[in-house]
Structures are given as C-alpha cells and as structure tokens.
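A quick write-up on the structure given underneath.
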Amino acid sequence: MPLHAKVDETHGPAELSVNPLYCMDLPAVPEHQIPAQPMQPDAALALIRDELILDGNARLNLATFVTTWMEPQAEELMRHCFSKNMIDKDEYPQTAELEHRCVNILAHLWHAPSAASEHSTGSATGCSTTGSSEACMLGGLALLWRWRARRQAAGHGDGPEQPNLVMGANVQVCWEKFCRYWQVEPRLVPMEPGRLHLTAPEAAAHCDENTIGVVAILGSTMDGSYEPVAEIASALDDLQDKTGLDIPVHVDGASGGFVAPFLAPDLEWDFRLPRVASINTSGHKFGLVYPGVGWIIWRDEAALPDDLIFRVNYLGGDMPTFALNFSRPGAQVAAQYYNFLRLGFEGYRQVQQTCQDVAKYLAAEIADMGPFELLSDGSDLPVLAFRLRNPEESGYTVFDVSERLRQRGWLVPAYTFPENMQDVAVLRIVVRNGFSQDMAGLLVHDLRTQVVALEAAPQAPVPLLPEGQREAFAH
Ligand SMILES: Cc1ncc(COP(=O)(O)O)c(C=O)c1O
C-alpha cells in the first residue's frame, strides 16, 4: 500500500485544481437569449448534457426507424469526418468518391440496368441526401418536370391543369409536404379495414392524364407492410395499353430499400420493373447509419430531367448536382461506406434477419397474450403493429398501454390510422439493429405486467397526458 505525503498549499493551490462543478457559484444565464458572458467549456457541457438526461433513451425508442446504435469503429470514423462538408467536393474529393461508390452499390443492389436496353439507356444516376424526405422531394420534382415536358410535347403548353400524385393515405408526411410545396394535388387512396396500403386496382383507378406518377411504398410507416410494387406496375402497364397514359412509379423504399434486397431477393420491386423510374431510401434507417443520410437513384437520364441539375466546377471539371440543401455533413456518407465495407452483403443479411427474427418472436408473444390482435407481424419490415381485440370492452386503450410502458423507459408509440380508419388505434414496434432477443424478452415481460395491471383496473386508469396530446408519436 503506497504512503501519501501531505501537500503544502499554504502558498496557493497545487498545480491542478479539482473543479467542483456542481458547487460552483456560476451566474444564472437566460434560457432564451444569448448569455452576456462566456462560461467554462466543462460547465457548458455539464449543463447541457445534464438537461439531455431528460430525453428518452434512444435504444429503448421502439417508435423510430432511425439508427440508434453503431459500432465504435464507425463512431470513430464519423468523429474523424465531422468537419467535412459534403458539398466541398473539390476540397474533399475522397469523400465525394465514397459517395460515388455508395450510389453504385445501391444501383447494383436495386438492379439498375447497366447496359442499354429497350427500357433504359443503362445510365443510372443518383446522389446522397439528408434523408428520405429530401430524396422524396427530388424524386417528386423529377416526376413533376417529366409530366410538364409530356404535356408540352402533347401541345398543352402551360395550361391550368393541376398535376396530381397518386399514393396510399398511409404515405409518410414528406409526400404531403412535397404536394403542398409544389402545388401538386395529393391523390390519397384511403385505407380500409383489410386494406392498409395501396393496391394495384386502386392505384390505376386514381390516375389520369395529369398524374405525374404513382408512389409505391416498400415498407409502410404505419405497419411495415410492403405495397405490391410489381402488381401496381403491371396495372399501370394495362392502363397504358388501354389509354396511352404512361405513368412512372417512384418507390419509396425509405426502410425497405435496405431490407428487401437482403431478406427477399426474389421479390421484384426495384429497377427490374421497367416502370420504376426512381427509388429512395434512408441510409439512416435500415442502412444502419446515424441520422443524416438518405439516397435516391434514377433508372437513367430519361428519368431525371436535365434542367433540374446544376453544374458546379469540380477539380477543374464539371460536377452535376441535384439537392435542396447546399452544405451537408460528410460523416454520414463515410459511415454508410463503412457499413457496406464492414458488413458486406452477408453481414447486412444477418443484421436484417436478426431484426426480423426478433420482430416475429415479439409478434408471436403478443398474439399469445390475449387482448391484442396483430395487424402486421414483421414478415416484411421487422415492424409489428397491433391493436386491442375488443377496444370497447377492454376498459383501457392502447394509449394507456403506451404510457405505462413509458414508465419503464420503453417508447412504444400508439396512434390512430389516417382518414377513413381513424377509429383504429394501434401500437407499433420497430425492431432495429441493437434490439436483442434479450431486450425483446424484457419488453414482453413488461407488457404482460402492464396488461395484467390494466385489466385489474377496468375502470380505466387516469390518463397521464391530456386527450389532445396523446398522438405524440407522429411517425
Ligand atoms: C416510408 C417513408 N418515407 C419517407 C420517410 C421520411 O424519411 P426521413 O426520416 O429519412 O426523412 C419515412 C420516415 O419514417 C418513411 O417511413
């Protein structure tokens, strides 16, 4: 045992002093105005970090599709790239090269034709974005520009017709934003009991000469189910045979674009279907990267009108760009490439398969519990949605279940379906990389405990949130 000598501090403190952070006499600072004076970095860090403890735990957030865990090596790589701006392609040509490689990897995964054929010039093109929302905006813009060109070629000029976009009412809000911002009529096909997403006959029936395209979702945000892209494309082929209308399909593969290639390789939903003009995905969902990266690929230059593209000088050459934002972090793109390199096809398959196994385990346990009925069981995306079998007689709601699970830290959203099925309220669980079988077992245990407690108090517990705030999860 070492002996410690007494330090003489009568002539001032020793070289290093202890910082009694939580006892410091710091001046109060305003919350909503910039403080007049600086403070020590450690004090600022502690203050903000402590406030953020009040946030939910990201790993227990079963509401989000977005990545909440990455390997430490990927985090190190991201730290290394935090200062790089994706748009500075002259200054960071190697980051631009990684983006180029990622676009090519996705184009191959999604079977973009690499040679000229009847249905394509074989020149797929694409880019990274901040997420699927921006990617969907770019995809929608290309459809809108192409419709205008078609109308003009047919001699209609700039007439008063309003363009429309056909999609299921289950679309993510980014498509409604696209329609509002660019004055396109959102032709939303309502959901119905037993039909929770867009079907082929409904898609074709809603199209006319002002339809810029049909959006088919590979992995509905509501329940994780895949829309039947091949059937939709085939119904549009028939429509073209009958009416001459040639309506392109954009596939919103925000989640499924990174799941189907690995778990359902024979499912034809991508550029194997000649009618699919463009596909988006979120690198930060099942692409397994932290928030901040999406991707979009167009089948060929015919699918992406040239006048949407801006050309910037790049290393003395010409660099075509299509983006809503200018500056954007480069770290996420490097991390996406890390995942491709690190996992390879087989690694991605294993990750997605594990998520699906966990989702199916949860689905089986929840179905077995008694009060719940499954609306999806993880067979497409590793996502399950379930509702109360007898909501009128249960004496509690799915919102009560959600609030009670939250007391243990689990964030399981409860929400109602869109128009036409607003009386259906569901709970949804998204299983992501890092949500282990062990964690799933704990969730099942907690869910059972809460169900027993709620059933023992059929007079319905006092809601923790006022009625109007109960749709807090709007995913
Ligand atoms: C089907 C679908 N499309 C688009 C989006 C928007 O994606 P992002 O959050 O990457 O902008 C989501 C997000 O959940 C989604 O599920």
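What the table shows:
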| quantity | calculated |
| --- | --- |
| Zero-based 10 Å bins, Cα pair distances in region 79-339, whole percents | 7, 31, 37, 19, 5, 0 |
| Alpha carbon centroid spacing (whole Å) that separates region 334-380 from region 178-197 | 28 Å |
| Order of 6, 360, 242, 89 - criterion: other Cβ atoms within 10 Å of each residue's Cβ, fewest first | 6, 242, 360, 89 |
| Qualifying chymotrypsin sites (Phe, Trp or Tyr not before Pro) for region 111-213 [loop in DSSP, other Cβ within 10 Å: at most 16] | 182 |
| Ranked by how many other beta carbons lie within 10 Å on average, peptides 110-120, 370-380, 283-293 from highest | 283-293, 370-380, 110-120 |
| Descending principal axes extents, the chain, alpha-carbon based, whole Å | 94, 70, 46 |
| Cα-projected label distance for residue 153 with residue 436, points at 7 Å along beta-carbon direction, nm | 5.7 nm |
| 222 nm mean residue ellipticity, helices alone, for the chain (DSSP H n ≥ 4; -39,500 (n - 2.57); rounded to 500) | -11500 deg cm²/dmol |
| Sorted largest first, extent of region 263-316 alpha carbons per principal axis (Å) | 43, 32, 17 |
| Lysines whose Cα lies under 27 Å from that of residue 285, excluding same-chain neighbours fewer than 8 positions away | 84, 89, 177, 360 |
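None of the figures in this text is laboratory data; all of them are computed from the coordinates on show. Please read all numbers here as calculations on a predicted model, not as lab measurements. Here the Cβ is made from the backbone with ideal geometry for all residues, glycine too, and neighbour counts use every protein chain on show.
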